Amino acid sequence: MTPRNVRLVYLKEMRDTLRDRRTLFISVVLPIFLYPLLMIGLSQFMAAGAGRIWDQPQRVALVGVTGEVAGRMAARLTASEDKLEVVVSEDPAADLKAERIHAWLELDPDFESTLAEGAQGAVRLHFDSSKDHSQAADKKVRAVLEAWGEQVLRDRGLSEADIQPVKVERDDAATTSQRGAKTAGPMLALLLVIMAATGAFYPAVDIMAGEKERGTMETLLVCPATRTEIVLGKYLTVLTMTVVTALLNFGSMALTFAHMVHLMPKVGGGSPMALDISLTVGVIIVLTLLPLAGLFSAVSLALSTFARSYKEGQHYLTPLFLAVMPLAMVAMIPGTRLDTFALVPVAGVVLLVRDLLLETATVSQVLTVLGVTGGLAGLAIWMTVKMFNREDVLFRDPGGTDFSLLMRARGKGEVPRAGQAMGMFILFMTLVYFVPPMLMKLDGGPAIMFFVQFFGFILGLPLLFVLLYKLNLRKSLSLAMPAPGAWPAAIAGAWAVLAIVMVMSSFMEIDEESLQPLQKTMEQLVAVVGLPLLIVIPPICEEVFFRGFLLSAFRRKRSAIGAVVVVSALFAVSHLVPAKFLTTGLIGVWLAYLVVATGSLYPAILAHLVSNATLFLGSEDLQPNTWALLPAILVLGGVVYFLEKLRRNGPPGKEPEPAEG
């Protein structure tokens, strides 16, 4: 690879990008001015509107009292500095709904005599919280009644200490900057991710899919630069635009939020707040942004490389956002900790930015998040280079979309295609997300949910697809018998991987409260299904779907490593436990490697079963042991060496690599 060629491609792409003034204005310039104008202007309008409503008189009706009692109550309400009007209403409920009145008080006829006897008088205040004027009337009337209640207590001869026997003096240890960061930090972190994602996507689509559409990709490919150099030059262009866009927008939003949090105590009350970002915190946020921008740039470039046209590339933005937004919104959830999500992509960055603004992040957390995000960015750019070197990806047939492969077979083949497998996974996730909660409401819900999910969805979907499309069942699910040595290797490797994962989990400090719903569901399943079935059924069904159906599909036109990574990531996502994405993904890598190394699904089923049995039967005795980490790594290395030796010698169960067509 020649740096000069990379630089030339980079400069060429930057010139082309900067020439598009409209895109540059919309993605960079407009947000810098638009967000402050919108947010500050909107907040000013909202404050002015709330002030106007408060200054206007609200109409209140009295029900249940007449004569002098009603007159004295009306006098109390109208004597308040807050503007209230007492009116007569024949049907207060209907008048409140029609906004002819804004609230009405319902009192007992003997209300005053009850108070005079030293008892408690009851008042019912009716209002409509969906109406602004009614909300204002509620606050004003309650203020009058509370002040009157305190006066009644004083008239009864009670002192201030009798009225309020416990006086609480609140001392907030948070600084004004920390209070501001607590209020605005999660939203700022979320916006940083959104700006990085959008800032990467549109330039990537233009310089890759757009170049295909303009017909200039072929000209670029015949230049002296290698394809790797071309990808890196384009990648640096997208990365530059992403960093610039995200930083400018983040700075604009930070200034806007700083102004807003300064005004919030004045408008809504509360302690003073400020949003002060120190130089050190600002530098660390910029360093955090670099690998995040690198990750989004690489993923966007990969998607745009796969797209046939600029229009198709834009369609991929929605799935990208659907994947990113749940991870980016974890900072908005109360109680989420960086320790739990430090190894989770995107979520770790969002929580790190939040904690940096709160001044609670540690050096180890910063390094962990940077390392994970940077590693994923490197993996994504490596996959982009691999895709760019394939003619069938760069110059695909312009007709149809890959999602149509789920509905119709295109060409002959013995194993499913990657597009079909991805469509099947999306269908599976949709069913698993929506159907089980409905089944849990039925009598015997846990048992019904268990059998429908595993036999109907996880096992049934791939088997039905193979039968409908008349694929080769043995090759589609890797059902060849392995070499005899694969069985003990699978068991030893399962225990070694389990020991490594347990040690990793102990360092991640997973919040146990977030796992309580899952643990409760597992306890219900043990009670109604039985422990033996719970140990045996999930490994068989999950292995058929993930390491059988999906892995064979992704290996059809991809390298074994790429297929293992993709299937393991899907396996982790399918469990819907973000805190365990990394450990679940590592287990998935091991199980997928077993299938690749032995050419058979059966060792993976055995390893999965052994892991489940060990966790269920020895859950009380199993404890993470750091001293076991090195022996476990050595055992795993020995198992891999043994399997690779079997693989080179061509074990009986070794499947040949699927054909390209």
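Assorted remarks:
- Qualifying residue in the range 280-295 (condition: of a type outside the set (A, V, I, L, M) and open to solvent by 30 Å² or more (accessible area, probe 1.4 Å)): yes
- Among the residues of the range 520-567, those that are in a loop (DSSP other than H, G, I, E, B) and basic (Lys, Arg) comprise 555, 556, 557, 558.
- The set of residues in the range 175-193 that are among the aliphatic types (A, V, I, L, M) and open to solvent by less than 40 Å² (accessible area, probe 1.4 Å) comprises 181, 184, 188, 189, 190, 191, 192, 193.
- Among the candidates 635, 639, residue that is modelled with pLDDT of 85 or more, open to solvent by 40 Å² or more (accessible area, probe 1.4 Å) and either more than 14 Å from residue 482 (Cα to Cα) or assigned to a helix (DSSP H, G or I) (or both): 635
- Within the range 172-193, residues that are under 23 Å from residue 242 (Cβ atoms) reach partners that are of a type in the set (Lys, Arg) with beta carbons closer than 7 Å, at six or more positions or on different chains, in the pairs 185/354; 186/354; 189/354.
- Counting the residues of the range 466-490 that are outside any loop (DSSP other than H, G, I, E, B) and surrounded by fewer than 17 Cβ atoms within 10 Å (Cβ to Cβ) gives 6.
- Residue in the range 44-63 that is over 14 Å from residue 138 (Cα atoms), modelled with pLDDT of 85 or more, basic (Lys, Arg) and open to solvent by 40 Å² or more (accessible area, probe 1.4 Å) present: no
- Annotation: residue 233 fulfils all but one of (1) at pLDDT 80 or above; (2) within 29 Å of the chain's Cα centre (by Cα); the unmet one is (2).
- Residues of the range 97-129 that turn out to be modelled with pLDDT under 85 and open to solvent by 80 Å² or more (accessible area, probe 1.4 Å), as a count: 5
- Checked against (1) at pLDDT below 80; (2) touching a Leu at 6+ places or on another chain (Cβ under 8 Å); (3) closer than 13 Å to residue 12 by Cα; (4) not acidic (Asp, Glu), residue 216 meets all criteria but (2).
- Figure legend. Inter-residue proximity from the range 109-124: first residues closer than 13 Å to residue 153 by Cβ, second residues at pLDDT below 75 and acidic (Asp, Glu), beta-carbon distance below 8 Å, spacing 6+ or different chains. Indicated pairs: 121/112.
- The residue list 170, 154, 142 contains one member that is under 30 Å from residue 61 (Cα atoms), charged (D, E, K, R), open to solvent by 60 Å² or more (accessible area, probe 1.4 Å) and under 47 Å from the mean Cα position of the chain (by Cα), which is 142.
- Residue selected from the range 236-270 under the condition among the β-branched types (Val, Ile, Thr) and modelled with pLDDT of 75 or more, by the criterion nearest to residue 353 (Cα to Cα): 243
- Meets criteria (without any contact (Cβ under 8 Å) to a residue 60 or more places away in the chain, closer than 24 Å to residue 583 by Cα, assigned to a helix (DSSP H, G or I) and within 23 Å of the chain's Cα centre (by Cα)) for residue 348: yes
- Residues considered: 568, 559. Of these, the only one that is small (Gly, Ala, Ser) and either buried (at least 19 other Cβ atoms within 10 Å of the Cβ) or in contact with a Pro (Cβ under 8 Å, 6 or more places away or on another chain) (or both) is 568.
- If you go through the range 212-236 and pick out every residue that is crowded, with 20+ Cβ neighbours inside 10 Å and acidic (Asp, Glu), you end up with 1.
- For beta carbons closer than 9 Å, sequence separation of 6+ or different chains, a first residue in the range 287-312 that is within 14 Å of residue 241 (Cα to Cα) and a second that is among the basic types (Lys, Arg) and open to solvent by less than 10 Å² (accessible area, probe 1.4 Å), the qualifying pairs are 301/234.
- Members of the range 506-562 that are small (Gly, Ala, Ser) and modelled with pLDDT of 75 or more: 527, 530, 548, 552, 553, 559, 560, 562
The values are calculated or read from the model by the stated rules, or taken from the named source; none is laboratory data. As the structure is a prediction and not an experimental result, all values here were calculated from the model. For neighbour counting, all protein chains shown are included, and Cβ atoms are generated from backbone atoms with ideal geometry for every residue, glycine included. In case anyone asks, the SASA skips ligands and DNA or RNA and just uses the protein heavy atoms, side chains included. Shrake-Rupley method; radii C 1.70, N 1.55, O 1.52, S 1.80 Å.
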